[in-house]
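> Got a structure here, written out as structure tokens. Questions coming.
The values are calculated or read from the model by the stated rules, or taken from the named source; none is laboratory data. This one's a predicted model, so the numbers in the text were calculated from it and none came from an experiment. Cβ: placed from backbone, ideal geometry, glycine included. Neighbour counts: every protein chain shown. For the accessible areas, the whole protein counts, side chains as well, though only heavy atoms, and no ligand, DNA or RNA atoms are used. Shrake-Rupley method; radii C 1.70, N 1.55, O 1.52, S 1.80 Å.
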Amino acid sequence: MAESELDKVSGKTTTGHQWDGIKELNTPLPRWWLITFYATILWAMGYWVVYPAWPLLWSYTRGALNYSTRAAVAVELANLEKIRGDKMIALGAASLADIEKDPALLALARARGKAAFGDNCAPCHGSGGAGAKGYPNLNDDDWLWGGSLDQIVQTIQFGARSGHTKTHEGAMLAFGKDGILKPDEIGTVANYVRSLSGLSTRQGYDVAAGAKIFVENCTSCHGEAGKGNQELGAPNLTDKIWLYGSDEATLIETITIGRAGVMPAWVGRLDPSTIKALAVYVHTLGGGK
């Protein structure tokens, strides 16, 4: 039943509509709220005109100012390089050994290296270089490809199995997947490898058989004592530092399917001075040799 728009309910007008005895009040929004709302609409329209805003089929509207956040960042980085100026030139000209001996250059290298590490390396190695499963810990003294300054530079520049002509090569065979070893042989040698680090082994496993399998299949890379070979990226199996985990199931998986993780080559992506600073920073994390 329609009612007059001037119908009063507790001193307030209604819209004249009623549902099940409930009258709809006519309560306008506050004027300040409406003004603010309309102002935001005008602001948005102006923003669409002045700045890039609308996606197109192949591009986007450039805006009256032709502003680009990417270009702004590039300008800021260029200005930063100008500020660094002579210091970065000195860093690029100095040898790795001289950088670590010079407190000023070392501080600059660590600062620049820390920033580069956070931007490029932390996603895999962690913000503090502690690594994760499948990604080496850079704080300890266990290095797959060597922990000297020169070796770290080599690894950063060309990576591991990256496809670069100078990259570190070498991968662990898939002894189970390729049919080189049978499942029971893999279990036996896995327990033998655990014993090299003083870890517990399966009760009743054949120690002699495990040693024989290890000698015939593993010593060519890991050495007779299991100490590893940095030229091949073969890890030390006696130090209880395991890249993928030391439990029996994980070790059996490693022997079965092999391991061939890839580290990208950073030469061409990072300038030589940044690579040098990054190497110095990594070297001083605590595990450098």
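> Can you pull the percent of Cα pairs in the stretch 132-244 with separation above 24 Å?
Of all Cα-Cα distances in the stretch 132-244, 31 percent exceed 24 Å.
> If you don't mind, another one. For the chain, find the longest principal axis of its Cα atoms and tell me its angle to the long axis of helix 149-158, 0 to 90°, nearest 10.
Approximately 60 degrees, to the nearest ten.
> Could you order the peptides 234-240, 176-182 from most to least packed, using the average number of other C-beta atoms within 10 Å per residue?
My ranking of the peptides, most packed first, is 234-240, 176-182.
> Report the gain in length on full extension from Arg62 to Lys212: 0.36 nm times residue separation, minus Cα-Cα distance, nm rounded to one decimal.
47.0 nm
> OK, next. Quick one: Cα centre-to-centre distance for the stretch 181-249 and the stretch 77-93, in angstrom?
49
> So, one more: Leaving out ligands, DNA and RNA, and with a 1.4 Å probe, what % of the accessible surface on the chain is carbon or sulfur?
59
> On to the next question. Mind putting together the pair-distance distribution for the stretch 1-138? All Cα pairs, 10 Å bins, whole percent per bin, short to long.
The percentages, shortest bin first, are 9, 16, 15, 15, 15, 10, 9, 7, 4, 0.
> May I pose another question? Take the Cα radius of gyration of the stretch 63-218 and divide it by 2.2 N^0.38 Å, with N its residue count; two decimals is plenty.
Its radius of gyration relative to the 2.2 N^0.38 Å reference: 1.58.
> Still on this model: Can you give the extra length, in nm with one decimal, that the chain gains between Ser246 and Lys166 once fully stretched, where that is 0.36 nm per residue apart less the Cα-Cα distance?
Contour length minus the Cα-Cα distance gives 25.7 nm.
> Say the cut-off is 26 Å between C-alpha atoms; which of Lys133/Lys227; Lys101/Lys276; Lys166/Lys240 go over it?
Over 26 Å apart, Cα to Cα: Lys166/Lys240.
> Using a Förster radius of 51 Å, what is the FRET efficiency between Asp184 and Ile89 based on their Cβ-Cβ separation? Nearest 0.05, please.
E(calc), rounded to 0.05, equals 0.25.
> Report the equivalent ellipsoid semi-axes for the stretch 183-257 in whole Å, largest first, defined as the square roots of five times the eigenvalues of the gyration tensor built from alpha carbon atoms.
18, 14, 12
> Karplus couplings for the stretch 278-284 from phi (6.51 cos²θ - 1.76 cosθ + 1.60, θ = phi - 60°), rounded to Hz, Gly and Pro as x?
5, 5, 5, 4, 4, 5, 9
> At a Förster radius of 51 Å, what calculated FRET efficiency corresponds to the Cβ-Cβ distance of Ala115 and Thr219, to the nearest 0.05?
0.75
> Additional query: Return the Rg/Rh value of the stretch 11-89, two decimal places, where both radii are evaluated on C-alpha atoms and Rh is the Kirkwood radius.
Result: Rg/Rh = 1.43.
> For the residue pair Leu199 and Ser127, what label-to-label distance in nm results when each label sits 7 Å from Cα along the Cα-to-beta-carbon direction?
Between Leu199 and Ser127, the label points sit 3.0 nm apart.
> Accessible area per residue of the chain at 1.4 Å probe, in Å²?
Ligands and nucleic acids excluded, the result is 62 Å² per residue.
> Could I ask something else about it? Could you state the orientation-averaged shadow area of the convex hull built on the Cα atoms of the chain, in nm² to one decimal?
So the Cα hull casts an average projection of 31.7 nm².
> Further, regarding this structure: Compute the relative contact order of the chain as a whole-number percentage, counting only Cα pairs closer than 8 Å that sit 6 or more residues apart in sequence.
Reported relative contact order: 21 percent.
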